[in-house]
Amino acid sequence: MDKYQLFQEYLQTDHQIDEFYHTLAQGLGLSDSALWVLWSLAELGEGCTQKDICRQFFLSKQTVHSSVRKLEAGGFLALRPGGGREVAVCLTDRGRELVRKTVLPVMEAERAAAEGMTEEEWLAMLRLSRKWFALFQKVAPIPQK
């Protein structure tokens, strides 16, 4: 098998992982973006901003804003004034219960799966993924504005 075929297998596995998270979100009754917004609040803590959530999972501002508004309308989030023009995103009691029932079990499953690999395996995977990404950035045709 040549290197490009191996790379295609790597990409296919990456897409399968993305699809699995999508399936998990659907099974939990959430959109993908709602899962990531709630996940961000579980990881970053309440009071983080929409900008923080965007950075956490490389989501667009529009995606996060739309998801936050829908979760707010559903009674799961509340928006509070933050520093300057920032708005803090906070869970309501209903939102905390949703996170407890949906996000936290998935986070725990991730941790349990991660324990199945050694530290050396994780370091190798990170090193190799970062190496490939750096090489790709060097050669990718980025359109000029």
Compute and list, largest first, the equivalent-ellipsoid semi-axes of segment 8-88 from the alpha carbon gyration tensor, each √(5λ) rounded to a whole angstrom. 26, 15, 10
With springs only between Cα atoms under 10 Å, which of 60, 129, 40 fluctuates most in a Gaussian network model of the chain? 129
Suppose every Lys and Arg Cβ carries +1 and every Asp and Glu Cβ carries -1, with no other charges. What dipole size does the chain come out with about its Cα centre, to the nearest 20 debye? 780
Kindly write out, for segment 110-115 in residue order, the coupling ³J(HN,Hα) from the Karplus curve 6.51 cos²θ - 1.76 cosθ + 1.60 (θ = phi - 60°), rounded to whole Hz, with x marking Gly and Pro. 4, 4, 4, 5, 4, 5
Are any of the pairs 3/51; 61/101; 70/145; 51/145; 3/145 more than 28 Å apart by Cα-Cα distance, and if so, which? 3/51; 70/145; 3/145
More than 12 angstrom separation, counting every C-alpha pair in segment 30-76; what % is that? 54
What Kirkwood hydrodynamic radius do you get for segment 61-142 when you take the inverse of the mean 1/r over all pairs of distinct Cα atoms, in Å? 16.5
Expressed as cubic angstrom per residue, what is the convex hull volume of the alpha carbon set of the chain? 163
At 222 nm, what value in deg cm²/dmol follows for the chain if DSSP H runs of at least 4 each add -39500 (n - 2.57) and the sum is divided by all its residues, to the nearest 500? -21500 deg cm²/dmol
Label-point gap, in nm, between residue 136 and residue 86 - each point 7 angstrom along Cα→Cβ: 3.1
Mind ranking 65, 15, 22 by accessible surface for me, highest first, 1.4 Å probe? 15, 65, 22
What residues have an amide H closer than 5 Å to that of residue 87, excluding those fewer than 5 places away on the same chain, when H is modeled at 1.01 Å from N in the peptide plane? 50, 82
Would you work out what percent of the accessible area of the chain, with all protein chains in place, is carbon or sulfur (probe 1.4 Å)? 58
Mean separation of Cα pairs under 8 Å and 6+ residues apart, divided by the residue count of the chain: what relative contact order is that in percent? 17
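The values are calculated or read from the model by the stated rules, or taken from the named source; none is laboratory data. Note that the structure is predicted; figures quoted are calculated from it, not measured. No Cβ is skipped: glycine too gets one built from the backbone with ideal geometry, and neighbour counts run over all protein chains shown. Only protein heavy atoms, including side chains, enter the accessible area calculation; ligands, DNA and RNA are left aside. Shrake-Rupley method; radii C 1.70, N 1.55, O 1.52, S 1.80 Å.
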